[in-house]
Amino acid sequence: MNSLQLGPLAISSAQALFYLGFFAALACGWWQGRRRGGNPEPVLFAMLLAGVLAARLAFVALYFAEYRSEPWRMLDIRDGGFLLLPGLAMAALVGFLHARRQPAVRRPLGIALLVGALLWGGGSAVIAALERGRQLPEVALTDLAGRPVDLRERDGRPLVVNLWATWCPPCRREMPALQAAQKARPDLRFVLVNQGENREQVQRFLREQGLDVQDVLIDGSNRFGALTGSYGLPTTLFYDRQGRLLKSHMGELSSASLSRALEDLAGK
């Protein structure tokens, strides 16, 4: 399951675990701080902000060429473009400096970080283990001409499956990046599986937007999303040559974040 449904809203499992770990760390830090006279809450927030900023800046620096034509997108963090290791390193440095100046927060901060890391890291590892290796689901799909398509009939290339809908703003925003990647990477197969709409709606949308994407398929019953635990749109699933799921991404992809996701896929 790569996302959770909360009433009409959906949140990625990765984000849910991150929030759970952080708020658990805050609660444990506050509880320990009350007993020892040193509340680590400001330190935890400082670590969070510094870590997120460092992770974003490192990502933008690494993929700067992708942002050159649209520099304003550097500020648009909705694409999920962050590098984990620089972010963790910066957060650790900020935490170390604060703990060095404030001896009273050291033990509460350490306990808070331990609890948060166990929830976030352990939960992420469990979800990744459960998700990784899942096969392509058996779903009745049709192309824009109405012909049936079975994605399990593979052509020897790794597969990128994007779940989208015409009414979804982030789906519409990421479509040019997917179209460009589809043309630039013939070694990969990109399939855009529309969720819950009919051929006429999809064809009209593509025509009005001037999009020239290939392998657009229709899943009028939303079965693909349900069977893969993808409850939010857009969601992009990355499969190897044998049809085994390698990873997934819920939310908008920019050219940079898509390039990052495709880096390890070609050799799989």
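The values are calculated or read from the model by the stated rules, or taken from the named source; none is laboratory data. A quick note: this is a predicted structure, and the numbers were derived from the prediction, not measured. Ideal geometry is used to build each Cβ from the backbone, glycine not excepted, and the neighbour counts take in all protein chains shown. Side chains included, ligands, DNA and RNA excluded: accessible areas come from the protein's heavy atoms. Shrake-Rupley method; radii C 1.70, N 1.55, O 1.52, S 1.80 Å.
Please give the per residue accessible area of the range 135-264, computed with a probe of 1.4 Å over protein heavy atoms only, in Å². Walk me through the numbers on the way to the answer.
Working: 5680 Å² over 130 residues.
Per residue, the range 135-264 has 44 Å² of solvent-accessible surface.
For the chain, find the longest principal axis of its Cα atoms and tell me its angle to the long axis of helix 41-62, 0 to 90°, nearest 10.
Roughly 40 degrees between the two axes.
Would you please classify the overall shape of the range 11-131 from the alpha carbon gyration tensor, given that a ≥ b ≥ c denote the square roots of the eigenvalues, rounded means a/c under 1.5, and beyond that prolate means a/b larger than b/c while oblate covers the rest?
It is oblate, given that a/c is not under 1.5 and a/b is not larger than b/c.
If I build a Gaussian network model for the chain, linking alpha-carbon pairs within less than 10 angstrom, which residue out of 164, 31, 72 has the largest mean-square fluctuation?
With Cα springs under 10 Å in the chain, the top fluctuation among 164, 31, 72 is at 72.
What does the charge add up to near residue 99, with Lys and Arg as +1, Asp and Glu as -1, over the other residues with Cβ less than 10 Å from its Cβ?
Taking every Cβ under 10 Å from that of residue 99, the sum is +4.
As a test, work out the antiparallel percent of DSSP beta bridges whose residues both lie in the chain, rounded to the nearest 5.
65 percent
Express the accessible area of the range 7-60 per residue in Å², computed with a 1.4 Å probe while the remaining protein chains stay in the model.
54 Å²
Go ahead and set up a Gaussian network model of the chain, Cα springs under 10 Å, then flag whichever of 137, 234, 158 fluctuates most.
137
With a Förster radius of 41 Å, plug the Cβ-Cβ distance of residue 93 and residue 126 into 1/(1 + (r/R0)^6) and report the FRET value to the nearest 0.05.
Taking R0 as 41 Å, the efficiency between residue 93 and residue 126 is 0.90.
How about the chain: what cysteines have no other cysteine beta carbon under 4.7 Å from their own?
Within the chain, the cysteines lacking a partner Cβ under 4.7 Å are 28.
Which angle from 0 to 90°, rounded to the nearest 10, does the C-alpha axis of helix 84-101 make with the longest principal axis of the chain?
10 degrees
Quantify, in whole percent, the carbon and sulfur part of the accessible surface of the range 1-75 (1.4 Å probe; protein heavy atoms only). Intermediate values should be presented prior to the final figure.
Values: 3120 of 4520 Å².
The value for the range 1-75 is 69 percent carbon and sulfur by accessible area.
Students often get this wrong, so try it: which of (i) 83, 65, 29; (ii) 49, 40, 32; (iii) 69, 37, 34 is Cα extents along the principal axes in Å as calculated from the structure shown?
(iii)
Can you pull the accessible area of residue 187 for me, 1.4 Å probe, Å² to the nearest 10?
60 Å²
Enter the accessible area of residue 30 (Å², nearest 10), with the probe set to 1.4 Å and all protein chains included.
120 Å²
Ignoring everything but the protein chains, give the 1.4 Å probe accessible area of residue 247 in square angstrom, nearest 10.
70 Å²
Under the 0.36 nm per residue contour assumption, what length would be gained going from the current alpha-carbon distance of residue 53 and residue 118 to full extension?
Details: separation 65, 0.36 × 65 = 23.40 nm, distance 2.27 nm.
Taking residue 53 through residue 118 to full extension adds about 21.1 nm, to one decimal.
Of the heavy-atom accessible surface of the range 135-264 (probe 1.4 angstrom), what whole percent is carbon and sulfur? Write down the numbers at each step before the final one.
Details: 2550 of 5680 Å².
Accessible surface attributable to carbon and sulfur in the range 135-264 totals 45 percent.
Where Rh denotes the Kirkwood radius from the mean inverse Cα pair distance, what is Rg over Rh for the range 134-268?
Computed over Cα atoms, the ratio is 0.92.
On a full-extension model of 0.36 nm per residue, what is the gain between residue 70 and residue 19, subtracting their alpha-carbon distance, rounded to one decimal in nm?
15.4 nm
Residues of the range 64-85 with amide nitrogen under 17 Å from the 7 Å Cα-to-Cβ point of residue 209?
The answer is 79.
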